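Below: one structure, written as structure tokens.
The values are calculated or read from the model by the stated rules, or taken from the named source; none is laboratory data. The structure displayed is predicted, hence computed values, not measured ones. Glycine gets a Cβ as well: all are built from the backbone with ideal geometry, and neighbour counts include every protein chain shown.
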Protein chains: 2
Amino acid sequence: MGIEEANTEKLIKEKAKILFFKKGFLNATTQEIADEAGVNRALIHYYFRSREQMLEILLDEVLLEKKERARKILGSDLPFKEKIATYVDITVDYGIAYPYLENFIISEIARHPEKIKDFCSVNRKKPNDLIKKQLEEEIANEKIAPISSEQFMVNLIALCNYPLLAKPVLQTIHGMTDAAYRKFLLERKQIIFRTIFNEEMPELTKKETL
Amino acid sequence: MGIEEANTEKLIKEKAKILFFKKGFLNATTQEIADEAGVNRALIHYYFRSREQMLEILLDEVLLEKKERARKILGSDLPFKEKIATYVDITVDYGIAYPYLENFIISEIARHPEKIKDFCSVNRKKPNDLIKKQLEEEIANEKIAPISSEQFMVNLIALCNYPLLAKPVLQTIHGMTDAAYRKFLLERKQIIFRTIFNEEMPELTKKETL
DNA sequence: TTGGCGTTTAACAAAATTGTTAAACAAAAA
DNA sequence: TTTTTGTTTAACAATTTTGTTAAACGCCAA
């Protein structure tokens, strides 16, 4: 082992993520990534072979984590509305912590649509399958207007994620500071729930258990 | 004048737009743009000085057109719900015609957030100002649950545009052909209206007059 | 018909970025 | 101690992409 960090590979990935997901340098060069991690640029090629492969690894990790998080919540045994409320709560919080993550995902997939195909074929559980039954029950009980689980999930995800993608636009149009924007996003938790269910969002207690 | 097209500049822009907005080659090089337009690469520098300036011009044009379209609809004297229904209708249709346009806008602005600042300072009419009064009336008359015009507009735009940004993901997860995806988007018109207003979308008659 | 002018092109130059290699280095194992 | 192994680096090479220039071209007006 060399003199440096126990796990430089991990370090590089973490710093790259900060660059991409937090700072929003979506087109960071290998040099910039190396600088952020405080290592030589060649190291990135040593560990990841090429810049493209590194991006692929990052994308895979992020998508997996995202899917896992969704599965934990949507696959839990919470009552439907509580489940959705939890999803909104956690998704918005996560979005505040990593404001450019969605941007990264969207643009990486746009660059290489075939990657999402590879990724999806591995794990075939769709998020909408996890809520389909409960949603149909709610509809049968007239608790919510008829809607397919696919359209429902798109609504949910759109309402949570779009404001992140449009962050610079929203901040500029409405003259929001970072703090004001954060507040705007937090307010959205209730807004999103009301938009979907037309009623107030319930209190969330056992967030940690998920 | 040379032997070629009367207006090569326009031709280049149009072909570039096809590349970016329809085909989704978001990172097209000047060479690819030139190929698409069937001209020499140097022409792009002749007309636009640099690739960056060309992108800036394209972005400006597109944003202006978008803003103008929104203003026409949201600033019209239609009743509130009809206005929103028209907005949804036209926005979704436009999204089907130019499936990667939103992607282009989002990623260009992410690359240069300062550009959106320049752009917004020119014309200061925000879309939410155009509907604020009507929205407040609806709320006062208890036709819709209380919500700020900013949050309302974000909901509306998110529901219309997010599915475009997530096109590759949605198509893959649900195994949709292009035709199925198109149908999915068209279905969303009603879905979006119902999600926002909790009632059926009215028929639209005088779409052309806008 | 000729000279000017905007347009178009090919060839060239420059810059930015990625990828490769061989050698130095530290630490653990032999 | 020497060897081995994995890590790190500097220097170099290749590639990709952008930007420049000077000359050719065709049309129109003088």
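What the table below lists for this structure:
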read-out	value
Some residue of the range B:2-11 being more than 16 Å from DNA strand C (Cβ to nearest atom), touching a helix residue (DSSP H, G or I) at 6+ places or on another chain (Cβ under 7 Å) and among the charged types (D, E, K, R)	no
Conditions (1) aliphatic (A, V, I, L, M); (2) part of a helix (DSSP H, G or I); (3) within 13 Å of chain B (Cβ to nearest Cβ): number failed by A:Leu135	(3)
Hits in the range B:69-120 - residues which are at pLDDT 95 or above, in contact with an Asp or Glu (Cβ under 9 Å, 6 or more places away or on another chain) and aromatic (Phe, Trp, Tyr)	B:Phe80
Residue check, B:Ile116 hydrophobic (A, V, I, L, M, F, W, C), part of a helix (DSSP H, G or I), at the interface with chain A (Cβ under 10 Å from one of its Cβ atoms) and free of Cβ contacts under 8 Å to residues at least 60 places away in the same chain	yes
Answer from B:Ile192, B:Ile131, B:Ile139, B:Ile173 - the residue that is over 18 Å from A:Leu159 (Cα atoms) and surrounded by 21 or more Cβ atoms within 10 Å (Cβ to Cβ)	B:Ile131
One residue from A:Ile139, A:Ile192 being at pLDDT 95 or above, within 19 Å of the chain's Cα centre (by Cα) and among the β-branched types (Val, Ile, Thr)	A:Ile192
Some residue of the range A:175-184 being within 19 Å of A:Ser76 (Cα to Cα) and either in the same structural domain as A:Asp89 (by TED's automatic domain parsing) or more than 17 Å from the chain's Cα centre (by Cα) (or both)	no
Some residue of the range A:181-193 being β-branched (Val, Ile, Thr) and more than 30 Å from A:Lys133 (Cβ to Cβ)	no
Qualifying residue in the range A:85-96 (condition: in the same structural domain as A:Val169 (by TED's automatic domain parsing) and either exposed (fewer than 15 other Cβ atoms within 10 Å of the Cβ) or within 16 Å of DNA strand C (Cβ to nearest atom) (or both))	yes
Given (1) farther than 28 Å from B:Gln53 by Cα; (2) facing chain A (nearest Cβ under 8 Å), index of the condition B:Lys143 fails	(2)
Flag if B:Lys125 is surrounded by fewer than 21 Cβ atoms within 10 Å (Cβ to Cβ), of a type in the set (Lys, Arg) and modelled with pLDDT of 95 or more	no
Helices (runs of 4 or more DSSP H) contained in the range A:11-81 and holding at least 3 residues surrounded by fewer than 16 Cβ atoms within 10 Å (Cβ to Cβ), within 14 Å of chain B (Cβ to nearest Cβ) and not aromatic (Phe, Trp, Tyr)	A:51-74
